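No value in this document is a laboratory result; all are computed from the given coordinates. Small disclaimer: the values here were computed from a predicted structure and weren't measured. Counting neighbours? That spans all protein chains shown, and the Cβs are built from the backbone with ideal geometry, glycine included.
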Amino acid sequence: MLSVENLHYSYGAIKALNGISFKVDEGEIVALIGANGAGKSTTLSNISGILHPQQGSIKYRGTDISKLPPHKVVEAGISLVPEGRRVFSRMTVLENLEMGAYIRKSKAEVNESIENVFTRFERLKERRNQLAGTLSGGEQQMLAIGRALMSKPKLLLMDEPSMGLAPMLVQEIFSIIKEINDSGTTILLVEQNAYMALSVAQHAYVLETGAIALSGTAEEMANNPAVKKAYLGE
Ligand code: ATP
């Protein structure tokens, strides 16, 4: 479904990605794990069209999308849940969701998507008219996920969805990730919480200073001594 080949990206003199390659098959959850500064967010920014690769290709269903602007990437079926949630804090929950639906054609489609999000996230429904900035961290994360789902993506990119959340909420967010995947959305999951990421993913890639250091099935990665030592705290 998604195939990234030899992706390079530098911020000026800082080489963030040094020729990474990986793929995501339809229906999967693929985890991209790695320490702070490894290049995980830069990878997602390149896929979502916020940044453009300086070398390499990003193919989505066989078409190179690496030069498309972000809204065209969303139209193609890929949406991003950004790091740190980044909801529009001075807008209501409902307005945030409507922002996520800007590519939808009719009001009926938008309403259908809103109802779908409210079915999945009842707390958002209860707080539909509340300003997003007044929601708890967990609720803001749910809103960021809900907003990304408004465009009915086939591939959802998630950047550190568990960051800064209490352990109970982390569990809840990961069960939501599984549910979204079970209902047919492919997911590329960037996480520092390797333990949780490997527990939901089928395949995983370990990114170290801009290069793929290891890859395999999630089970292989969870049992790999180097991964255990560096990322699973064993
Ligand atoms: P984190 O979890 O901290 O976001 P990450 O794995 O997502 O880490 P990136 O944010 O992609 O890593 O950063 C990769 C490298 O690029 C780091 O060395 C980082 O300092 C650098 N970098 C990221 N954004 C910029 C920027 N806007 N300008 C300059 N350097 C940047």
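Any of Lys23/Lys105; Lys23/Lys72; Lys154/Lys229; Lys125/Lys154; Lys23/Lys107; Lys40/Lys105 with alpha carbons more than 29 Å apart? Name them for me.
Lys23/Lys105; Lys154/Lys229; Lys23/Lys107; Lys40/Lys105
The order of the peptides 31-43, 180-192, 99-111, 208-220 by mean Cβ neighbours within 10 Å, most packed first, is 31-43, 180-192, 208-220, 99-111.
Normalised by the number of residues in region 1-158, what is the relative contact order in percent for Cα pairs under 8 Å and 6+ residues apart? Kindly include the intermediate steps, with their values, before the conclusion.
Working: 249 pairs, mean separation 36.9, N = 158.
The normalised contact order for region 1-158 reaches 23 percent.
In the chain, helical runs assigned H by DSSP with n ≥ 4 each contribute -39500 (n - 2.57); averaged across all residues and rounded to the nearest 500, the mean residue ellipticity at 222 nm is -11000 deg cm²/dmol. What percentage of all Cα-Cα pairs in the chain are separated by more than 33 Å? The share of Cα pairs beyond 33 Å in the chain comes to 15 percent. Histogrammed with a bin width of 10 Å, the alpha carbon distances of region 138-177 distribute as 29, 58, 13 percent, first bin at zero. By the count of neighbouring beta-carbon atoms within 10 Å, fewest first, Tyr231, Tyr11 end up ordered Tyr11, Tyr231. Using C-alpha pairs below 8 Å separated by at least 6 residues, the relative contact order for region 1-53 is 32 percent. Sequence-distant contacts, meaning Cα pairs under 8 Å at least 6 residues apart, place the relative contact order of region 130-234 at 20 percent. The base-10 log of I(q)/I(0) for region 29-114, evaluated at q = 0.13 Å⁻¹, reads -0.54 [Debye formula, identical scatterers on Cα atoms, solvent excluded]. Per-residue Karplus couplings for region 55-65, computed as 6.51 cos²θ - 1.76 cosθ + 1.60 with θ equal to phi - 60°, are listed in order as 7, x, 10, 10, 9, 10, 6, x, 9, 6, 10 Hz, Gly and Pro entered as x. Around the amide H of Thr92, modelled in the peptide plane, lie the amide H atoms of Ala132, all under 5 Å away and 5 or more residues distant in sequence or on another chain.
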